Amino acid sequence: MSLQNKESFRIAGLSGTKSLRGSVAVSGAKNAVLPIMAGALLIPGKTILHNVPVIDDVSRISEILRGLGAEVSQEGTTLTIDASGVSNSDLNNDISKRLRASVILTGPLLARMGSVSFPHPGGCVLGARPIDLFLENFQKMGVTVSEEEGRYVLSVNGALKAADLFLRIPSVTVTEAMMMAAIAAKGTSVIKNAAMEPEIVDLAAFLTKAGAKVRGAGTPTIEVDGTGMLSSTSEPYTVMPDRIEAGSFLILGSLLAEEIEITNCNPLHLEIVIDMLKQSGVPIETTPTSIIVRKNGSKPFSSFNVKTHEYPGFPTDLQAPITVFLTQCEGEALVHETIFEARLNYTQDLVRMGANITMFDPHRVLVKGPTPLKGKELEGPDIRAGLAFVIAALAAEGESVLSNVQLIDRGYAKIDERLRSLGARITRSSVCE
Ligand code: EPU
């Protein structure tokens, strides 16, 4: 049996004291860079990306791209991909099974190679996470789907067909995969009920810079003219800031900052979150690229209901951090998770910490506050709930030990170092098992 290096965080709670101070810069967006890396497969040449977060998910997609024949290297926040030599369209089994985002590669691989094979993509345990919408929309573009030895095998005879695609659910990665497949189709494809997340706008901007003809990204109807493969440009593309990371720092700051400035972000991507926190009593100021959050007087924050929704609604990826915030607000809050069916299970651990949370069904919990939280031993179940536990542990009284921090590292670069720079007492330790 091989030894596995497991890491954990030891976190000293601030007992609700608002003492964090300083400035923290937001990294490039995980959920923008992953589809953009997939989009680099449409460019048989070099792609240079700036503002790439140094996170495990980027390393994993890099590894898959290398397996396809691309050359990939990362130096700091600059990532270079040379996809000239791509000659294989079989996605690495082990990595794809562990990373849901690997499914985005299907679109550009069908466009470039006319085929792709992959296992059922894994990832965080948020619910069933089927891939039916990928398969049925590819089929409308002329793709045949079969299953061989536990892998999906997708192929197209000749060129992809331009199609009129209606997405039953405005899925983010389905929208991205279809947009990229349509680049190689003959004619104009239309994606209706498309997702409108800013990461889709960023992907479209990257593809457009390389010669794609994409209209309507950021609206529910996207049109793509088939142009064939795209061209390398010598100018690097700068990935958008991570709105979920910025939102997480904002929620942390709302609970525990004397004053923190969150830089390199776009507050317009967080309008609903900022609006709700302000309504609740958090003093927040914004500039076009930063957010400043300060402590309020002694008045407790007031509670509010949260219903997750596709953009520009409340992001499901901030549902866990905002639930931690609501445990410290006065009143009752209904948190309704509408996107994923298993994304509220972490609330059991908040209850162990002292929160008053009642689960009505897998989609809805009632949070009554404020209740002081106590440090505990915790294990992060997914990237976002893992970070929510860091926030809860910092707000709590006493020490917490959070294991499974590899999951947090998948989405947040050196989060412990950055929180320490704001005055948090958080240390990382390794245990070999
Ligand atoms: N869905 C289907 N069939 C499909 C595809 C999706 O039923 O073929 C359902 C999902 O099960 C879910 C709903 O559609 O109930 C919406 O999910 P979506 O497909 O939009 O999610 P995703 O594209 O898999 C991306 C982000 C997630 C984020 C969601 C929602 C990436 C790489 N991932 O996932 O990010 O939560 O959109 O905004 O962009 C994270 O970063 O921690 C994360 C989970």
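What to note about this one:
- From the list Gly380, Gly398, the one residue that fits, being surrounded by 15 or more Cβ atoms within 10 Å (Cβ to Cβ) and either over 28 Å from Ser59 (Cα atoms) or of a type in the set (Gly, Ala, Ser) (or both), is Gly380.
- Test: residue in the stretch 283-299 that is in contact (Cβ under 8 Å) with a residue 40 or more places away in the chain and assigned to a strand (DSSP E or B): yes
- Residue pairs meeting the criteria (Cβ under 7 Å; at least 6 apart or on separate chains; first closer than 16 Å to Asp317 by Cα and open to solvent by 20 Å² or more (accessible area, probe 1.4 Å), in the stretch 406-417; second at pLDDT 95 or above and part of a helix (DSSP H, G or I)): Leu407/Gly386
- If you go through the stretch 175-219 and keep only what is of a type in the set (Gly, Ala, Ser) and within 14 Å of Gly39 (Cα to Cα), you end up with Ala177, Ala181, Ala182, Ala184, Ala204, Ala205, Ala210, Gly211, Ala212.
Listed here are the residues, each with its yes/no results for (1) part of a strand (DSSP E or B); (2) open to solvent by less than 20 Å² (accessible area, probe 1.4 Å); (3) of a type in the set (Ser, Thr, Tyr); (4) out of contact with any helix residue (DSSP H, G or I) (no Cβ under 6 Å at 6 or more places or on another chain).
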{"residue": "Leu79", "(1), (2), (3), (4)": "yes, yes, no, yes"}
{"residue": "Lys97", "(1), (2), (3), (4)": "no, no, no, yes"}
{"residue": "Ile104", "(1), (2), (3), (4)": "no, yes, no, no"}
{"residue": "Pro108", "(1), (2), (3), (4)": "no, yes, no, no"}
{"residue": "Arg112", "(1), (2), (3), (4)": "no, no, no, no"}
{"residue": "Val116", "(1), (2), (3), (4)": "yes, yes, no, no"}
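- The test for being buried (at least 20 other Cβ atoms within 10 Å of the Cβ), farther than 21 Å from Leu270 by Cβ and away from the ligand (no atom under 16 Å from the Cβ) does not hold for Leu65.
- Just so you know, in the stretch 227-253 the residues that are more than 16 Å from the ligand (Cβ to nearest atom) and aliphatic (A, V, I, L, M) include one that is nearest to Met113 (Cα to Cα), and it is Met229.
- For the stretch 136-156, the criterion of a residue being open to solvent by less than 10 Å² (accessible area, probe 1.4 Å) and closer than 15 Å to Ala38 by Cα is satisfied by no position.
- If the condition is being of a type in the set (D, E, K, R), assigned to a loop (DSSP other than H, G, I, E, B) and surrounded by fewer than 19 Cβ atoms within 10 Å (Cβ to Cβ), then the stretch 327-356 contributes only Glu341.
- Of the set (1) under 20 Å from Leu133 (Cα atoms); (2) assigned to a loop (DSSP other than H, G, I, E, B); (3) open to solvent by 10 Å² or more (accessible area, probe 1.4 Å), all apply to Glu223 but (2).
- Failed condition for Arg364, given (1) away from the ligand (no atom under 15 Å from the Cβ); (2) open to solvent by 10 Å² or more (accessible area, probe 1.4 Å); (3) over 24 Å from Glu310 (Cβ atoms): (3)
- Only one of Ser248, Ser231 that is in contact (Cβ under 8 Å) with a residue 40 or more places away in the chain and assigned to a loop (DSSP other than H, G, I, E, B): Ser231
- Residue within the stretch 136-147 that is within 11 Å of the ligand (Cβ to nearest atom) and of a type outside the set (Asp, Glu) present: yes
- Selection of first residues in the stretch 168-181 that are free of Cβ contacts under 8 Å to residues at least 12 places away in the same chain and over 10 Å from Leu105 (Cα atoms) and of second residues that are part of a helix (DSSP H, G or I) and more than 9 Å from the ligand (Cβ to nearest atom), restricted to Cβ pairs under 7 Å at least 6 apart or on distinct chains, gives an empty result.
- Any hit, the stretch 318-326, residues being within 24 Å of the chain's Cα centre (by Cα), open to solvent by 30 Å² or more (accessible area, probe 1.4 Å) and closer than 23 Å to Phe389 by Cβ: no
- Output for the stretch 4-62, where each listed residue is under 23 Å from Arg428 (Cα atoms), assigned to a helix (DSSP H, G or I) and open to solvent by 10 Å² or more (accessible area, probe 1.4 Å): Lys30, Asp56, Ser59, Arg60
- Considering (1) within 16 Å of the ligand (Cβ to nearest atom); (2) more than 26 Å from Gly16 (Cβ to Cβ); (3) over 17 Å from the mean Cα position of the chain (by Cα), the lone condition that Ile272 does not fulfil carries the number (2).
- All conditions but one from (1) within 16 Å of the ligand (Cβ to nearest atom); (2) surrounded by 19 or more Cβ atoms within 10 Å (Cβ to Cβ) apply to Asn193; the one that does not is (2).
The values are calculated or read from the model by the stated rules, or taken from the named source; none is laboratory data. From a predicted model like this one, the values you see are computed outputs, not experimental measurements. All Cβ positions, even for glycine, are placed from backbone atoms using ideal geometry, and neighbour counts span all protein chains on display. Remember, those area values only see protein heavy atoms, side chains included, never the ligands or the DNA or RNA. Shrake-Rupley method; radii C 1.70, N 1.55, O 1.52, S 1.80 Å.
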